[in-house]
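To start, the structure itself, in structure tokens.
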Amino acid sequence: MDWNDVFSRIVSLRTFSNLWYWLMVCVSWMIASHWILGIPFDVIQRARRKGDQAAADLESLTDINVRRLQALSNEGGFIIVGFIAFLLTSIAMAGFYYRMEVAQGLFFLLFPLTIAGGLSFHASTRLLQDPPRGTELAKRLMRIRLWIQFIAMISVFFSAAYGMFYNLSNPFGY
């Protein structure tokens, strides 16, 4: 057994045919759909089922996280947006102009996650302006989660479709 061969297969830079890339995609979207505005999904479920103290906990946690996201947006929002735009443009150029498969895979992962992050910032602004309480808050957070899952579904579909196209048109990776 050649250890260089084993290592190069495990740490392969072939993105779309690599199990590690697809595990990273799945884990990233599972985390994104579990933490809605920084609030764990189980807290939302508990507030929907039990009400009372669980709903009060959800309201407190939502207020804290909404204010935290708004403070982040107010303090360095333009810098963050500029850096993310620069990063995504650089990755897109490396991936699609210079034909780097790793950059293509990163773009197919990071661009939709950026859209989901923008959705979270937009939702935090709306929740700060018009803060709902009780079951209405849980419904809004569930709606945000549904949109994040929809973005994930579309993202995984296009990543898989492009990955199949890439692997069929470049069977040896070049």
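The values are calculated or read from the model by the stated rules, or taken from the named source; none is laboratory data. Nothing here was measured: the structure is a model prediction, and the numbers come from that model. Positions of Cβ are generated from backbone atoms using ideal geometry, with glycine treated the same way; all protein chains shown enter the neighbour counts. Surface areas here come from the heavy atoms of the whole protein model, side chains and all, with no ligands, DNA or RNA. Shrake-Rupley method; radii C 1.70, N 1.55, O 1.52, S 1.80 Å.
A crude spin-label estimate for the pair H34 and S169, with each label 7 Å from Cα along the Cβ direction, gives 3.6 nm. Computed with a 1.4 Å probe on the full set of protein chains, the accessible area for S120 sits at about 20 Å². By accessible area, using a 1.4 Å probe on protein heavy atoms only, the stretch 46-126 has 66% of its surface on carbon and sulfur. Solvent-accessible surface of the chain, taken per residue with a 1.4 Å probe and all protein chains present: 65 Å².
A DSSP coil position with no more than 12 other Cβ atoms inside 10 Å describes the following trypsin sites (Lys or Arg not before Pro) in the stretch 105-174: R133.
Taking all Cα pairs closer than 8 Å and separated by 6 or more residues, the relative contact order of the chain comes to 33 percent.
Estimated from helical segments only, the mean residue ellipticity of the chain at 222 nm is -28000 deg cm²/dmol, where each DSSP H run of four or more residues counts as -39500 (n - 2.57). Under 20 Å from the 7 Å Cα→Cβ point of K139, by amide nitrogen: which residues of the stretch 54-79? So the set is 54-60, 62-63.
Once the Cβ-Cβ distance of Q149 and W3 is raised to the sixth power relative to R0 = 41 Å, the FRET efficiency obtained is 0.50.
Of the residues W29, W147, the one with the largest accessible area comes first in the ranking W147, W29, computed with a 1.4 Å probe on protein heavy atoms.
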